[in-house]
Amino acid sequence: MKHNNRSSLYLCIIFVAFVTCISILFIYVQEFPGRAQIKIFFTNQVAHVDTFGREYKDKGIGKNVIYILGGNRNSLREKMKTAASMYRNGYASRILFLSEPDIKRYDRNLGTSITGDGWVIKTLTEFGVHENDIEPVPMEFGFFGTYSEARHISRLAEERKYRNIVLVTSRPHTMRVWKSFSRNLYNRQNHIYLVATEEKYLFRHVILECIKLFVYEVVLL
C-alpha cells in the first residue's frame with residue numbers, strides 16, 4: 001500500500017514538473033515550432049465533448065434543472081448568460097448555483113458591494129430568469145472543490161427526483177466536471193448533460209486544469 005502511494009506521489013511530481021516546463025516555454029517563448037499544436041493538445045486533454053446538443057431530448061419537462069459550477073466573477077457571468085439562455089428556451093425550470101454568502105461582489109449599477117448570492121440572483125434576473133426559479137445551494141466545500149460540488153448536487157438530485165441535470169461550466173473545466181459527477185451520480189435514472197460556455201481562457205488556465213485533472217484521477221477517480 002505504501003509502495004502504491006509512493007508511486008502515485010512520484011507520478012504526480014513528474015507530471016507537474018513536465019507540465020510546468022511546457023507552460024513556462026509556452027508563456028515566455030512567443031515563437032517556437034508547434035506552439036499552436038501544443039495548446040490544442042493540452043486543451044483536448046481537459047475538454048469533454050459537449051453532450052447537451054446531441055443528446056438532450058427532454059425539453060419542457062419540469063424535473064429538469066441547471067447547475068452553474070463555481071468560478072470567479074467574469075467566469076460566473078458567462079456561465080449565467082449560458083444558463084439563462086437555456087432557461088428562457090425551456091430546457092429547464094430551475095437554476096441552481098453554489099451559495100457563497102460570505103463573498104462580496106461589487107455591483108456597478110448599485111455602486112456598492114453585495115453578497116455573492118445576491119449578485120448571482122440579481123444578474124440572473126437581469127438575464128430573464130424568474131427569481132423564484134433561482135436557488136443558491138449551500139454546501140461544505142472540501143479541498144477538492146469540484147468533487148465536493150458533484151457529490152452534493154448528485155445527492156440533491158436523488159432526493160428531489162430530478163430527471164436531467166444540465167451542468168454549465170468553462171470548456172477547460174468540462175472533463176473534470178464530467179468525471180466527478182459521473183462518479184457521484186447515485187441514481188442512473190438521473191441524466192447529466194454538459195454545456196461549455198464561450199468564455200475566453202488563457203493557456204495557463206488549461207495547464208492548471210491538466211494538473212488538477214491528473215491529481216483527481218490519481219487521488220479520487
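Computed from the coordinates by the stated procedures, all read-outs in this text should not be read as laboratory data. Just so it is clear, the model here is predicted, and its values are computed rather than measured. No Cβ is skipped: glycine too gets one built from the backbone with ideal geometry, and neighbour counts run over all protein chains shown.
Could you derive backbone 3J(HN,Hα) for segment 132-138 from the dihedral phi with the Karplus parameters 6.51, -1.76 and 1.60 (θ = phi - 60°), listing whole Hz in sequence and x where the residue is Gly or Pro?
Per residue, the Karplus-derived 3J(HN,Hα) values read 5, 9, 10, 9, x, 10, x Hz.
Which GluC sites (Glu not before Pro) from segment 88-143 combine a DSSP loop assignment with at most 10 other Cβ atoms within 10 Å?
Those that pass, being in a loop and sparsely packed, are Glu140.
Give a residue-ordered list of calculated ³J(HN,Hα) values for segment 174-179 (Karplus: 6.51 cos²θ - 1.76 cosθ + 1.60, θ = phi - 60°; whole Hz; x for Gly, Pro).
After applying 6.51 cos²θ - 1.76 cosθ + 1.60, I find 5, 5, 5, 5, 4, 5 Hz.
May I ask you to evaluate 6.51 cos²θ - 1.76 cosθ + 1.60, the Karplus curve with θ = phi - 60°, for each residue of segment 66-83 and list the ³J(HN,Hα) values in order in whole Hz, giving x for glycine and proline?
After applying 6.51 cos²θ - 1.76 cosθ + 1.60, I find 10, 10, 9, 5, x, x, 6, 4, 5, 5, 4, 4, 5, 5, 5, 4, 5, 5 Hz.
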